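Below: one structure, written as structure tokens.
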Amino acid sequence: MQRLLLLLLATLSLCQLSAQSASKFTISGYIKDATNGEALIGATVYISEIQSGGVTNEYGFFSITLPSATYTVNMSYVGYATINKSVLLDKNIRIDIELQPEASQLQEVVVQAELEQANVQNLEMSTNKLEIRTIQKIPAFLGEVDIIKSLQLLPGVSTVGEGASGFNVRGGSVGQNLILLDEAPVYNSSHLLGFFSVFNPDAVKDVKLYKGGIPSRYGGRLSSLLDVRMKEGNSKKTEITGGIGTIFSRIAVEAPIIKDKASFIVALRRSYIDILARPFVKLLQDGGALNFYDITLKANYNINPKNRVYLSGYFGRDNFKFDRGQGFSWGNATGTLRWNHIFNDRLFSNFTAVYSNYDYSLQFGRDEKDSFKWNSLISNYILKPQFTYFINSNNELNFGAEAIYYNFEPANAVGVSNGVPTDVSIPKKYNLETSLYISNSQKITPAFSIDYGLRYSLFNSFGPDSTYTYSNELPGNKRLPVRAQYRKSGEVIATYGNFEPRVSFKVQATPTSSIKGSYNRMVQYLHLISNTTASNPLDVWNPSSENIKPQLGDQYTLGWFKDIGPTRQYELSLEVYWRYNQNQVDYINNADLLINRYLEGDLIAGEGRSYGLETYFQKKTGRLTGWVSYTLGRSELKVDGINFNPNDPLRKGNWFPTRFNQTHNLKIAAFYEINKRWSFSADFIYTSGTPATFPTSRAVVQGIVVPYNANESRGNVNLPDYHRLDISFRLEGKKQKNGKDRKNSDYWVFGLYNVYARENPFSIYFSQSDKRVLAGQPITSQATQLAIIGTIVPSVSYNFKF
């Protein structure tokens, strides 16, 4: 790691020295939205004379170095008017451009990228970007726009069913996704047990999902990265947006603090179904609650042309109470402070400090003499210096570092029985993860580009804590602690270091088609432990330790990308992927995962693999737009002690499907502009049933049926297939009133979720009949299918902007 650090320092010095060279000059600057001053992420800067160029970064900045000459610079972004500018490059030039929206293009559906040929010409692959205006058109549960649910319409992204928190990517678990909100990690992305996400669409500017080819500046999860960027706030004028829906309402206010120099945005949401139902539901009258709220805020200040600072935060909470003293709640809190500094025309930097916290609490009991209270949290403190050096029009160098300090509180729990308290708390855990990275994106020839990089991560676990040595048992059996050792404060308990190489390439086969491939090694030091059908707020995050090794994942992808049609209005892509994971954590049968000081004795590790084919076809322009995606995939685990041959004395495990395995996954999204005011949207989802574990035998003990699995198998049955159709109509408000243009705009959304009332199974459970059984007669049991939403759900919402 010391050598990599020296390499980064040397790289920074060389960047400064080479920037002083006078043989070439640099065009650099920012591209923004002319109506609100928002930076445009991924805007294209194209130099006609060299038939090449670049794109703006996450802050709207670009830099292109060229020999001295006169150039035609084209700056464009989908939905905005293109600006062409002739530039005499005889010195370094700073160009800050504001693009005007084009009304005629605002209704186009854009999913993959900004440029018409982006899916073919960009080096990126296995990446999806959803525009907010597209997300707003997708039919949604109860009419509420939702970012996470919208992502589930894309290839390779799935969920185990309604009411499931989070999402699954290419056969990975919910805990294998890194979710960032303005660079702050979000550990639970759901409200109301998975029906809504924590992201307020009124405050979100950009949503990008990496399923593969993940840049070396990111690490920490095996499956995917979801990068959500917040709006900066309108720096031109005050703007208020919001909506009134079936279950919650929202409002966002953004305005300049100093025009064109500083601005802010504040967005709030609050559900009110418990308030509306309180007069009719006794539980709510007795202090019960079922609600969520969140506030998203951000401010920025442009100090001078070379320095800009941003401060953003999120605070949200869910409350689920049975009465005043019983129930549980959970929530996220994040804060991000960033400083952009331009050292010179080619060296851009960003320094970030982040705080992130996720906590939950559970309590029950009628009074103080008989009660139970449990609080748990995971908090992070993060520092990230990041640098981008634009070497020339063919090379872009990225390098930097990251340090994450973790504070785990697995359980602060006290039970009281007959007035006698019993403390069953688990000690806190302290960890530090540091990393260094460097990568270069290089265009070797007009037809061949490559991005190669290396990341090194180091993870340390510290005291104070007690560590345990466990007994050696046959795989699959509970391991008992045989020796305990106390580690004092600051003492290193465990250390893991890993190199994480990344590489991706693109071959431009024709002007309208390309072949891309990538490989990335990912390392995950945190483990989400869950044995429920779907992830829930009480699942346990556990760091790597002496007894739990970090998970390692290697993913290979290969894809073909094609633009079709005379105006390239159609897009087609095919991608195959294969991922192999090591040290993937699972649990023994009858494991005790909650408030268990000896949890490590109930965990076992094995191998994981997922592979598949993703197809994606999109129509991007015209009155009818939309896409069709189909994924054929498989996700499996192999763990000794699970799913083994009963005759094998070593209990060697066989491959079995994960709980979120879906062989077939078909999604269709369609958008039709009926006229200037009315539009229609629909989506259809079909997926194979997910695996479940059913008993293979049963025993009867004193009249009670005891089901059991005779061969210790998992995932031995698939649930029935899932399919659903949703539709919505959108009515735009009138543009004029009394012959004059309205200053504000609004629209109504009328939706039907689950149009044909499909009772999609979330799970199937077995129960014994409660009828009296006559002597000598067999005891009957039955299977019950649980559907979270088994009927059609209508909705209406009103949205406004002024």
Scan of region 632-652 for residues that are touching a Phe, Trp or Tyr at 6+ places or on another chain (Cβ under 9 Å) and assigned to a strand (DSSP E or B), ordered by number: 633, 634, 635, 636, 637, 638
Residue match in region 398-406 (condition: assigned to a strand (DSSP E or B), within 21 Å of residue 546 (Cα to Cα), at pLDDT below 95 and assigned by TED's automatic domain parsing to the domain that holds residue 498): no
Those residues of region 506-520 which are of a type outside the set (Ser, Thr, Tyr) and surrounded by fewer than 20 Cβ atoms within 10 Å (Cβ to Cβ), in sequence order: 507, 508, 509, 511, 515, 517
All positions within region 5-41 that are open to solvent by less than 50 Å² (accessible area, probe 1.4 Å), at pLDDT below 85 and either assigned to a loop (DSSP other than H, G, I, E, B) or not assigned by TED's automatic domain parsing to the domain that holds residue 89 (or both): 19
Options 274, 318, 345; residue that is over 31 Å from the mean Cα position of the chain (by Cα) and either touching a residue at least 12 places away in the same chain (Cβ under 8 Å) or part of a loop (DSSP other than H, G, I, E, B) (or both): 345
Selection from region 653-682 of residues that are touching a Gly at 6+ places or on another chain (Cβ under 9 Å), under 30 Å from residue 223 (Cα atoms) and among the basic types (Lys, Arg): 659
Exclusive hit being part of a loop (DSSP other than H, G, I, E, B), of a type in the set (D, E, K, R) and in contact with a Lys or Arg (Cβ under 9 Å, 6 or more places away or on another chain), set 730, 724, 714: 714
Odd one out for residue 323 among (1) among the charged types (D, E, K, R); (2) under 23 Å from residue 357 (Cβ atoms); (3) in contact (Cβ under 8 Å) with a residue 40 or more places away in the chain: (2)
Hits in region 659-676 (condition: hydrophobic (A, V, I, L, M, F, W, C) and open to solvent by 20 Å² or more (accessible area, probe 1.4 Å)): 660, 666, 668, 670, 674
One residue from 642, 604, 564 being hydrophobic (A, V, I, L, M, F, W, C) and farther than 27 Å from residue 523 by Cα: 564
Residue identified as assigned to a loop (DSSP other than H, G, I, E, B) and open to solvent by 20 Å² or more (accessible area, probe 1.4 Å) among 205, 236: 236
Evaluation of residue 482 against (1) part of a strand (DSSP E or B); (2) open to solvent by less than 60 Å² (accessible area, probe 1.4 Å); (3) closer than 30 Å to residue 643 by Cβ (one fails), failing number: (2)
Residue tally, condition touching a Pro at 6+ places or on another chain (Cβ under 9 Å) and farther than 20 Å from residue 153 by Cα, over region 648-667: 7
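For (1) open to solvent by less than 60 Å² (accessible area, probe 1.4 Å); (2) among the hydroxyl-bearing types (Ser, Thr, Tyr), each residue gets a yes or a no:
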| position | (1), (2) |
| --- | --- |
| 695 | yes, no |
| 703 | yes, no |
| 708 | no, yes |
| 711 | no, no |
| 751 | yes, no |
| 755 | yes, no |
| 762 | yes, no |
| 770 | no, no |
First in region 64-86 and in the same structural domain as residue 39 (by TED's automatic domain parsing), second anywhere and among the hydrophobic types (A, V, I, L, M, F, W, C) and open to solvent by 30 Å² or more (accessible area, probe 1.4 Å), Cβ under 6 Å, 6 or more apart: 68/25; 70/88; 75/83; 79/106
Region 153-167: number of residues that are in a strand (DSSP E or B) and open to solvent by 10 Å² or more (accessible area, probe 1.4 Å): 1
Scan of region 141-152 for residues that are part of a loop (DSSP other than H, G, I, E, B) and under 14 Å from the mean Cα position of the chain (by Cα), ordered by number: 146, 152
Residue list for region 46-61, filter: surrounded by fewer than 23 Cβ atoms within 10 Å (Cβ to Cβ), closer than 25 Å to residue 511 by Cβ and of a type outside the set (D, E, K, R): 46, 47, 48, 50, 51, 52, 53, 54, 55
Restricting region 594-627 to residues that are hydroxyl-bearing (Ser, Thr, Tyr), touching a strand residue (DSSP E or B) at 6+ places or on another chain (Cβ under 7 Å) and at pLDDT below 95, the residue that is least open to solvent (accessible area, probe 1.4 Å): 625
Test: residue in region 342-362 that is among the basic types (Lys, Arg), assigned by TED's automatic domain parsing to the domain that holds residue 188 and crowded, with 21+ Cβ neighbours inside 10 Å: yes
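The values are calculated or read from the model by the stated rules, or taken from the named source; none is laboratory data. Not measured: the values here are computed from a predicted model. Don't worry about glycine lacking a Cβ; one is built from the backbone with ideal geometry, like all the others, and counts go over all protein chains shown. Only protein heavy atoms, including side chains, enter the accessible area calculation; ligands, DNA and RNA are left aside. Shrake-Rupley method; radii C 1.70, N 1.55, O 1.52, S 1.80 Å.
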